[in-house]
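Structure first, commentary second.
Here, each number is a calculation from the coordinates, and none is a lab measurement. Only a predicted model underlies this, so the values are computations on that prediction, with no experimental measurement involved. Note that each Cβ is placed from the backbone with ideal geometry, even for glycine, and that neighbours are counted across all protein chains shown.
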Amino acid sequence: MLSNPKSPRVRRVAALARKKERRETGRFLVEGPQAVRELLAYRPRFAEVVFVTMGTESWQHELDRLASDAGVQLERVTPEVLAAMAETVTPQGVLAVARTWDTPLSEAFEGAKLVAILHEVRDPGNAGTVLRAADAAGADAVVFAGESIDPFHPKVVRSTTGSLFHLPVVVAATLEEATLAARQAGLVTLAADVRGAELLDARAEGVLAGPVAWVFGNEANGLSEEDRALTDRSLKLPIYGAAESLNLATAASVLLYETAFSQRK
């Protein structure tokens, strides 16, 4: 059992909370039983080691089995060691180290009908929630473009509750690169923007029924005029009450599901 929270190995694992360390090592943290379960079930070849405390939680037997089936090393650690490794203040008894991956843009868009593109999205909770909503709506991929947050940031990973491991996640250097790949794959690119045309008109025209890539901009500034020019069309989500606006994650969730409904009509 690993019992020294100040050991070099523990410090190396804890360092993966920092972007610099993730880039240099190609590794990231996966915290909590739900996320680790989805990692082992959907992306087992990327899992390197699972650290777990001794306990009687119902999920421990399942994780033991999944790790064994995947040939992934499972190590018992003390609660103090897990706390030193984890990015969260109160870890849930299990943490894994996994290798990052990078899906090529062309591969992610090939045959896709619904894709979410995040441009300059900085908040990890928003990014993770959009990724989770995209997964739930049946999207084929999620693209993190420009200076968006690292999809392997611990808070992004946690807020996806495992959806990170269900669908291709791509990092694109620029929005232009992402929209070009979408267009080449036959998807219509739609910018979610308060200055856009009416969503309901576009729905009536059948725009949402075909292959669509939604572009969602920065939480504070949205999409610039230059960003919107890279897309085929800008659409706005109507607000019927007195609310000033919707936050990014809520608006993206509605638009992704609205498109999923149209495509499955």
For the range 146-265: rounded, prolate or oblate by the Cα gyration tensor [a/c cutoff 1.5]: rounded
Radius 13 Å from Cβ of Arg183, net charge of other residues (Lys, Arg +1; Asp, Glu -1): -2
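So what is the calculated 222 nm ellipticity per residue for the chain, using -39500 (n - 2.57) for each DSSP H run with n of 4 or more, over all residues, to the nearest 500 deg cm²/dmol? If you can, show how the numbers build up before the last one.
Details: 12 runs with 105 residues, N = 265.
After summing the helix terms and dividing by the residues of the chain, the value is -11000 deg cm²/dmol.
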With Cα atoms, 0 to 90° folded angle of helix 248-263 axis to the chain main axis: 70 degrees
Acute angle (nearest 10 degrees) that the helix 33-42 long axis makes with the longest principal axis of the chain, alpha-carbon atoms: 70 degrees
³J(HN,Hα) computed for each position of the range 78-86 - Karplus, 6.51 cos²θ - 1.76 cosθ + 1.60, integer Hz, glycine/proline x: 6, x, 5, 5, 4, 5, 6, 7, 6
Nitroxide proxy distance, nm - points 7 Å out along Cα→Cβ at Ser7 and Asn221: 4.6 nm
Kirkwood hydrodynamic radius of the range 110-186, from inverse mean 1/r over distinct Cα pairs, in Å: 12.2 Å
In degrees, nearest ten, helix 59-70 long axis to first principal axis of the chain (Cα): 90 degrees
Extension gain, Ala136 back to Asp64 (0.36 nm per residue minus Cα-Cα distance, nm): 23.2 nm
Overall form of the range 1-104 per C-alpha gyration tensor (a/c, 1.5; a/b vs b/c): oblate
Binned Cα-Cα distance frequencies in the range 31-92 - 10 Å width, integer %: 22, 57, 21, 0
Label-point gap, in nm, between Arg18 and Asp102 - each point 7 angstrom along Cα→Cβ: 2.1 nm
Whole-number percent relative contact order across the chain, with pairs defined as alpha carbons under 8 Å at least 6 apart: 19 percent
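What FRET efficiency comes out for the pair Arg183/Glu75, r = Cβ-Cβ distance, R0 = 45 Å, nearest 0.05?
Values: r = 47 Å, r/R0 = 1.04.
That gives a FRET efficiency of 0.45.
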Close Lys-Lys pairs in the chain, where close means Cα under 25 Å and separation is 8 or more or interchain: 8
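Net charge around Val254, counting only other residues with Cβ within less than 13 Å of its Cβ (Lys, Arg = +1; Asp, Glu = -1)? The partial results should precede the final answer.
Numbers: positive: Arg203, Lys236; negative: Glu258.
Value of the local net charge: +1.
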Binned Cα-Cα distance frequencies in the chain - 5 Å width, integer %: 1, 6, 13, 16, 17, 14, 10, 9, 7, 5, 2, 0, 0
